[in-house]
Amino acid sequence: MTFLSPYWLLAASAILVPIAIHLWNRRQGKTVKVGSLRWLEPSASKRWSSIKLNDVWLLLLRCCILLLLAGALAKPVWEGSPTTQQTKKAVFISQELLYSAALRDIKPTVDALLQRGYTLHRYTPNFEAIPAEAWPALSSNPIDSVVSSGNHWGLLPALAQRYDQQQDSVWLFTSDQQRHFQGSPTTLQENIRWVPVALVSTTNWVQAAYTLRSDSLLLISGQSNREGTKFNATKVAAIARETNINGSLVSLGMQGDSLTAQWGNSASQTVAIRNKPLRIGIAHDEAQQKEVQYLQAAVQAISRYTGIPIETHLITSADQPDTSANWLFWLSSGEAPDSWLEQVQEKGSKLWVQPASEPEPITAQLASAGIEKIRIKQLSAGIANSKAGVNLSEASIVWQTSVGEPLLFMEQFGLGKVYHFRSAFGPAWSQLGQSAQLPELLLPLLLPQPAASRYDARALDETQLKSTVTQPVSIKDKSEKQQFSLIPWLILLAFLLFIAERLITSKRKTT
């Protein structure tokens with residue numbers, strides 16, 4: 001037993017009070033001396049023997065009450081035997097890795113961990129458990145499938161909160177594909193061991209389809225692997241039911257203004273068939289006149305490469321936007337006019353906002369679509385065009401730097417979309433204008449396929465996967481002693497003794 005406030009034990013000296021009261025109020029009979037006895041002096045021993053304590057048991061009872069109260073004030077606790085905290089051990093595997101042939105590479109490691117008492121879970125927002133009986137069937141014959149899973153960086157804080165003790169142990173297996181990592185890298189808790197697995201796969205899809213003549217179509221197909229993403233143009237007959245794209249046989253089907261394509265046993269894809277040229281309107285101020293040249297060159301390269309006609313025309317900021325334009329580029333430090341925003345909101349156009357006027361840019365490197373590393377400067381803070389009501393927490397990242405900083409934002413604005421570019425194409429800002437990757441980056445934006453991002457198989461730069469390591473949020477000893485407070489019991493005992501003292505006192509008064 002220990003006392004949390006031992007200085008209150010000094011209150012036990014209060015027992016001197018009842019002792020003093022007992023000595024002062026001793027009750028003795030009066031002695032009357034008669035005759036010659038009154039002239040005799042009492043001896044010393046007689047005088048000392050006259051000092052007596054009356055009702056000793058009542059005195060002890062009152063002293064015990066005071067001692068118990070003093071002990072309660074000192075906060076006594078009883079320490080029980082040490083208890084060992086339960087260690088939590090778990091293995092998490094991301095969805096795209098569970099449905100990939102690369103699962104064979106990590107199966108021996110996962111099996112060894114399961115034999116050591118680890119539990120198996122999916123790396124999803126709910127962290128669903130994988131039953132032990134389901135794992136052999138899941139890992140025995142894995143095949144490559146296109147799986148659209150969430151943001152691996154975004155789930156790390158929730159995972160760390162579940163396993164916040166130093167003795168907890170977590171193994172995390174995910175792929176290294178860029179499309180599963182969005183935003184800024186998250187710090188990695190030191191009791192979580194992250195193992196990125198390389199997925200060697202190639203995905204194919206139809207990015208766009210365009211009517212050349214009544215009897216022929218132009219298909220723009222995308223192909224992505226670890227090294228990068230590229231696009232190809234293929235002409236097919238309108239009545240064709242299959243064609244060869246990138247060395248693979250593709251089944252085709254037309255229904256109205258839609259085209260369905262299927263590579264082998266993969267899921268079929270449907271894309272709308274365009275029958276009109278893509279129209280782009282560009283407005284700029286004098287400071288960004290050269291930016292227009294880089295943009296037009298990239299658009300012309302896309303048109304020549306794909307064969308799809310794209311029309312660009314320059315307009316001033318005072319002009320009304322072309323109501324037939326699919327894209328509007330606002331290259332100016334001022335805010336886009338209300339008429340432009342109305343067309344985006346009500347007619348579904350896309351608006352590109354590029355101020356490129358922040359005085360203190362931050363130098364970074366673009367997480368590009370290929371092996372080439374592109375140095376780029378981005379705005380240090382904020383994005384323009386407040387009229388669009390941009391909310392960064394709701395905006396999605398289209399392009400980002402190698403350290404996870406957003407470079408191109410996209411937010412839904414009514415029926416259309418608003419894109420905010422935090423850099424520029426010219427040499428003063430980036431190497432984008434002189435890079436062959438700019439058309440490849442713009443093509444999926446100008447000719448969007450809603451599900452195209454799920455086919456992106458590019459690998460993330462190795463330096464980005466090395467997250468900063470931090471200690472667990474809660475660090476506690478593996479063994480802690482249980483403590484039980486004795487204050488209620490001492491107070492209860494003091495109360496019972498007080499009741500007994502009152503009963504004894506009242507009984508003495510009646511006799």
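The values are calculated or read from the model by the stated rules, or taken from the named source; none is laboratory data. What you are looking at is a predicted structure, and each value in this text was computed from that prediction instead of being measured. Using ideal geometry, Cβ is built from the backbone for each residue, glycine included, and neighbour counts are taken over all protein chains shown. Ligands, DNA and RNA are stripped out before the accessible areas are found, and what is left, the full protein with its side chains, is counted by its heavy atoms. Shrake-Rupley method; radii C 1.70, N 1.55, O 1.52, S 1.80 Å.
Within the range 198-208, does at least one residue satisfy the condition of being over 30 Å from PRO277 (Cβ atoms), open to solvent by less than 40 Å² (accessible area, probe 1.4 Å), among the hydroxyl-bearing types (Ser, Thr, Tyr) and part of a strand (DSSP E or B)?
no
In the set (1) open to solvent by 20 Å² or more (accessible area, probe 1.4 Å); (2) modelled with pLDDT of 75 or more; (3) touching a strand residue (DSSP E or B) at 6+ places or on another chain (Cβ under 8 Å), PRO439 fails one condition alone, (3). The residues on offer are VAL236, VAL195, and the sole one that is surrounded by fewer than 17 Cβ atoms within 10 Å (Cβ to Cβ), modelled with pLDDT of 85 or more and part of a strand (DSSP E or B) is VAL195. Could you grab the pairs with beta carbons closer than 9 Å, sequence gap of 6+ or different chains, first residue in the range 1-20 and in contact (Cβ under 8 Å) with a residue 24 or more places away in the chain and over 28 Å from PHE484 (Cβ atoms), second one open to solvent by 70 Å² or more (accessible area, probe 1.4 Å) and among the aliphatic types (A, V, I, L, M)? That search, which allows pairs on different chains as well, returns ILE19/LEU53. If the condition is being open to solvent by less than 60 Å² (accessible area, probe 1.4 Å), in contact (Cβ under 8 Å) with a residue 40 or more places away in the chain and farther than 22 Å from SER221 by Cα, then the range 290-322 contributes GLU291, TYR294, LEU295, PRO321, ASP322.
Do the conditions hold for PRO444, that is, is it open to solvent by 20 Å² or more (accessible area, probe 1.4 Å), modelled with pLDDT of 85 or more and at negative phi? When the stated conditions are applied, PRO444 passes them.
Is the range 81-96 home to any residue that is open to solvent by 60 Å² or more (accessible area, probe 1.4 Å), closer than 18 Å to ILE192 by Cβ, of a type in the set (Lys, Arg) and not in a loop (DSSP other than H, G, I, E, B)? The answer is yes, given that some residue of the range 81-96 is open to solvent by 60 Å² or more (accessible area, probe 1.4 Å), closer than 18 Å to ILE192 by Cβ, of a type in the set (Lys, Arg) and not in a loop (DSSP other than H, G, I, E, B). Go through the range 268-289 and give me each residue that's in a helix (DSSP H, G or I) and either among the acidic types (Asp, Glu) or open to solvent by less than 60 Å² (accessible area, probe 1.4 Å) (or both). Selection gives GLU286, GLN288. In the range 452-511, which residues are modelled with pLDDT under 80 and in contact with a Lys or Arg (Cβ under 8 Å, 6 or more places away or on another chain)? Scanning the range 452-511 gives SER453, ARG454, GLU501. Summed over the range 220-230, the residues that are part of a strand (DSSP E or B) and open to solvent by 50 Å² or more (accessible area, probe 1.4 Å) give a count of 1. With the condition kept exactly as written, say whether any residue in the range 110-133 is in a helix (DSSP H, G or I) and either under 30 Å from PHE495 (Cα atoms) or touching a Leu at 6+ places or on another chain (Cβ under 6 Å) (or both). So far as the range 110-133 goes, no, none of its residues is in a helix (DSSP H, G or I) and either under 30 Å from PHE495 (Cα atoms) or touching a Leu at 6+ places or on another chain (Cβ under 6 Å) (or both). If the condition is being among the hydrophobic types (A, V, I, L, M, F, W, C) and open to solvent by less than 40 Å² (accessible area, probe 1.4 Å), then the range 209-219 contributes ALA209, LEU217, LEU218, LEU219. The residue that is nearest to ILE192 (Cα to Cα), counting only those in the range 145-165 that are of a type in the set (Gly, Ala, Ser) and open to solvent by less than 40 Å² (accessible area, probe 1.4 Å), is ALA160.
Can you pull out every residue in the range 166-181 that is open to solvent by 20 Å² or more (accessible area, probe 1.4 Å), closer than 25 Å to ASP105 by Cβ and either modelled with pLDDT under 90 or aliphatic (A, V, I, L, M) (or both)?
GLN178, ARG179
Annotation: GLN167 fulfils all but one of (1) without any contact (Cβ under 8 Å) to a residue 24 or more places away in the chain; (2) farther than 23 Å from SER201 by Cβ; the unmet one is (1).
Among the numbered conditions (1) surrounded by fewer than 21 Cβ atoms within 10 Å (Cβ to Cβ); (2) at pLDDT below 90; (3) touching a Phe, Trp or Tyr at 6+ places or on another chain (Cβ under 7 Å), the only one that GLN354 does not meet is (1). In the range 239-253, the residue that is farthest from ALA198 (Cα to Cα) out of those that are modelled with pLDDT of 85 or more and open to solvent by 60 Å² or more (accessible area, probe 1.4 Å) is ARG241.
Residues being among the hydrophobic types (A, V, I, L, M, F, W, C) and open to solvent by 60 Å² or more (accessible area, probe 1.4 Å): count how many of those fall in the range 98-129. Adding up the residues that qualify gives 1.
The set of residues from the range 399-427 being modelled with pLDDT of 85 or more and open to solvent by 50 Å² or more (accessible area, probe 1.4 Å) comprises GLN412, LEU415, LYS417, PRO427.
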